[in-house]
Amino acid sequence: MKQRVLVVDDDHLVADTLQLVFKVNGYESEAVYSAADGLARARTFAPGLLLCDISMPEQNGLQLAEALHHEMPNCKLLMLTAYASNAIKVEQHISRTRRPLKLLTKPCRPELLLHEAQTLLQTA
């Protein structure tokens, strides 16, 4: 069975590109464009990994991660950001939820993204 990855990014081109990177590398992947849609889709798609942008309108990626933490505690989290200042918010989130979370900066090489995703998916 293929590992499932849900990509959430308000930039449609980024989300669709990342979804394609995972698909061509043997993952079952889907893309949505808002945190609200991400939570709704996660409930039916049941991803093993959520790949999510932090800075999005309305609800940000960390709010989505927190909601997902309560509903799907086994889903791994890989966050993306173009803003280094978001690292502080990520650290605060990790200390509050005590849940492992990896942060990558955009743009990132597909090889690094796939490596980090596979590493997270292999952890218990």
Which of the peptides 48-57, 65-74 is most tightly packed, and how do the rest follow, going by the mean number of other Cβ atoms within 10 Å of each residue?
48-57, 65-74
The orientation-averaged projected area of the Cα convex hull of the chain, in nm², is 6.8 nm²
Provide the FRET efficiency to the nearest 0.05 for the residue 36-residue 114 pair, computing r from the beta carbons and using R0 = 30 Å.
0.65
Normalising by the residue count of the range 4-122, find the relative contact order in percent from Cα pairs under 8 Å and 6+ residues apart.
23 percent
Applying the Karplus parametrisation 6.51 cos²θ - 1.76 cosθ + 1.60 with θ = phi - 60° to the phi angles of the range 9-14, what ³J(HN,Hα) value in whole Hz is obtained for each residue in order, glycine and proline being reported as x?
7, 6, 8, 4, 5, 5
Fully extended, how many nm does the chain gain between residue 43 and residue 2 (0.36 nm per residue separation, minus their Cα-Cα distance)?
13.0 nm
Once both labels are modelled 7 Å past Cα along the beta-carbon direction, what's the residue 24-residue 70 spacing in nm?
3.9 nm
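None of the figures in this text is laboratory data; all of them are computed from the coordinates on show. Treat the numbers as computed from the prediction; the structure is a model and nothing was measured. All Cβ positions, glycine included, derive from the backbone under ideal geometry; neighbour counts span all protein chains shown.
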